[in-house]
Amino acid sequence: MERIWYIKYAPTRIEEFLGNKSQLMKVIEWLKHPKPGKGLLLYGPPGTGKTLSVYLAARTLKMQVIETNASDVRDVEKIKQMASGVGKQKTLFLPNHVILFDEVDGIGGLEERGSIAEIARFIKESRFPVVLTANDAYTNKLRPLLPYCELLKFNKVPIREIYARLKYIAMKEGLEIDEKALKFIADKSNGDVRGAINDLQLLAQTKKHITYEDAINTLGYREYDKEIFEVLPVIFKTLSFKNAMFLASQLNIDFDLLFEWIRENISIEYKDPEDVAKAYYYLARGDLFRKRIMKRQYWRYIVYAQALAIGGVAVAKKQKYPGFTRYQYPLKIRLMKQKKEERDAMKEEMKDLAKKLHASSKKIKDEYSYLLEKLKN
Ligand SMILES: Nc1ncnc2c1ncn2[C@@H]1O[C@H](COP(=O)(O)OP(=O)(O)OP(=O)(O)O)[C@@H](O)[C@H]1O
Ligand SMILES: [Mg+2]
């Protein structure tokens, strides 16, 4: 399997870091002189170097990162253990470590509220530098953390820097790619370095000489659009729960993707504020089930998730809105695509290791993640 380029080409030296240079310096400064009782919360759009800056800073200072992916550490217990264990044994066991709570805004749902409080407690008591990352620092969820955090905002990376990086990678990979195609990728990256590199790799999978047309055709998502534009009007125009649910049972489209389309377009199709509110209410209820499915693999919940997010949204309106609606493309889908690619790659690597070490993938993930890191380098 070919390596993922954004991992292969992740900067190993400070000079290679794009865009958020002063932020990177601040992270380094923080690791050298953390404020007692406080954590450093890096926030901003995806693919701008938040997680990367922690690893790069640690590498520069010869520190080791102990990463706690907040979406994995849903169980409060583990954080509690860390708080009482790791944090207090600095002099004894673990010198030069930095604790990273990655993607803390990924902690969702009611039952996880406790873990945010535990992270706050951990920060208060930790004798290690603590860094956290999130896309949005100001969601309600994270409010309890803010008193214990210094905030550091990451910005979108300038297009011209992304362009230069893409050009470098293309050169290293022996790609022949038209300037215009490179520019197209950089332009549509929206300041997301990872997204741009992913797009380039996706293009390179088919041919070694890439034209502007190739770029547009491959990265335009056209085929998929056609299907969604047949499905959306049915959901939004029907008043029948049954019809909407019948459609759900016939779906060829990934439910998660459809969910994003519905979310993006409710307020475009529905005009009455009461209808909009009701539709989002059902969608949010459906989302709870969806999250539970993802987290705990409770697949039987898919029925409830779909009934709420598709059927519920359909019947949220008092009457049908006539006319043609121009539906909007959800930005989030691009993000989801990237995350999925990342997860898949990680899973493949774990499976591979699991086979070789005669262990389960879960065990590999929990206990041998450092091996995965090593393999990447
Ligand atoms: N500022 C940057 N300079 C160079 N490469 C970058 C930069 N930001 C991101 N990248 C590339 O994108 C990859 C992902 O970056 P990173 O994990 O730091 O994103 P992030 O800001 O944490 O995003 P998310 O919000 O999705 O977690 C890196 O491995 C690197 O290859
Ligand atoms: Mg990150």
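Where helices (runs of 4 or more DSSP H) fall entirely within segment 183-270, none has at least 3 residues that are open to solvent by less than 10 Å² (accessible area, probe 1.4 Å), charged (D, E, K, R) and in contact (Cβ under 8 Å) with a residue 12 or more places away in the chain. Any residue in segment 326-333 that is assigned to a helix (DSSP H, G or I) and farther than 17 Å from residue 231 by Cβ? Within segment 326-333 (the criterion being assigned to a helix (DSSP H, G or I) and farther than 17 Å from residue 231 by Cβ), the answer is yes, since at least one residue qualifies. Cβ-Cβ contacts under 7 Å between residues 6 or more apart (or on different chains), taken from a first residue in segment 132-151 that is open to solvent by less than 60 Å² (accessible area, probe 1.4 Å) to a second residue that is part of a strand (DSSP E or B) and acidic (Asp, Glu), are listed as 133/102.
Of the residues 18, 61, the single one that is more than 16 Å from ligand 1 (Cβ to nearest atom) and either open to solvent by less than 20 Å² (accessible area, probe 1.4 Å) or farther than 15 Å from residue 123 by Cα (or both) is 61.
Scanning segment 358-372 for residues being open to solvent by 80 Å² or more (accessible area, probe 1.4 Å) and either part of a helix (DSSP H, G or I) or in contact with a helix residue (DSSP H, G or I) (Cβ under 8 Å, 6 or more places away or on another chain) (or both) gives a total of 6. Criterion first (out of contact with any Pro (no Cβ under 6 Å at 6 or more places or on another chain), surrounded by 19 or more Cβ atoms within 10 Å (Cβ to Cβ) and in contact (Cβ under 8 Å) with a residue 24 or more places away in the chain) does residue 275 satisfy it? For residue 275, the condition - out of contact with any Pro (no Cβ under 6 Å at 6 or more places or on another chain), surrounded by 19 or more Cβ atoms within 10 Å (Cβ to Cβ) and in contact (Cβ under 8 Å) with a residue 24 or more places away in the chain - is met. Just one residue in the set 372, 288, 331, 335 is aliphatic (A, V, I, L, M) and at pLDDT 80 or above; that residue is 288. Every test in (1) within 19 Å of the chain's Cα centre (by Cα); (2) under 30 Å from residue 208 (Cβ atoms); (3) more than 16 Å from ligand 2 (Cβ to nearest atom) is passed by residue 157 save one, and that test is (3). Consider segment 54-66 and keep the residues that are without any contact (Cβ under 8 Å) to a residue 60 or more places away in the chain and within 13 Å of ligand 2 (Cβ to nearest atom). The one that is nearest to residue 119 (Cα to Cα) is 65. Residues in segment 1-53 that are outside any helix (DSSP H, G or I) and within 30 Å of residue 353 (Cα to Cα): how many? Total meeting the criteria: 13.
Within segment 294-310, being without any contact (Cβ under 8 Å) to a residue 40 or more places away in the chain, farther than 20 Å from residue 105 by Cβ and part of a helix (DSSP H, G or I) holds for 299, 300, 301, 303, 304, 308. Residue check: is residue 349 under 30 Å from residue 188 (Cα atoms) and either loosely packed, with under 12 Cβ neighbours inside 10 Å or out of contact with any helix residue (DSSP H, G or I) (no Cβ under 8 Å at 6 or more places or on another chain) (or both)? Judged against the criteria, residue 349 is not a match.
The values are calculated or read from the model by the stated rules, or taken from the named source; none is laboratory data. Being a predicted model, the structure only gives us computed values, none of them experimental. Virtual Cβ from ideal backbone geometry, glycine too; neighbours counted across all protein chains shown. Ligands, DNA and RNA are excluded from the accessible area calculation, which covers all protein heavy atoms including side chains. Shrake-Rupley method; radii C 1.70, N 1.55, O 1.52, S 1.80 Å.
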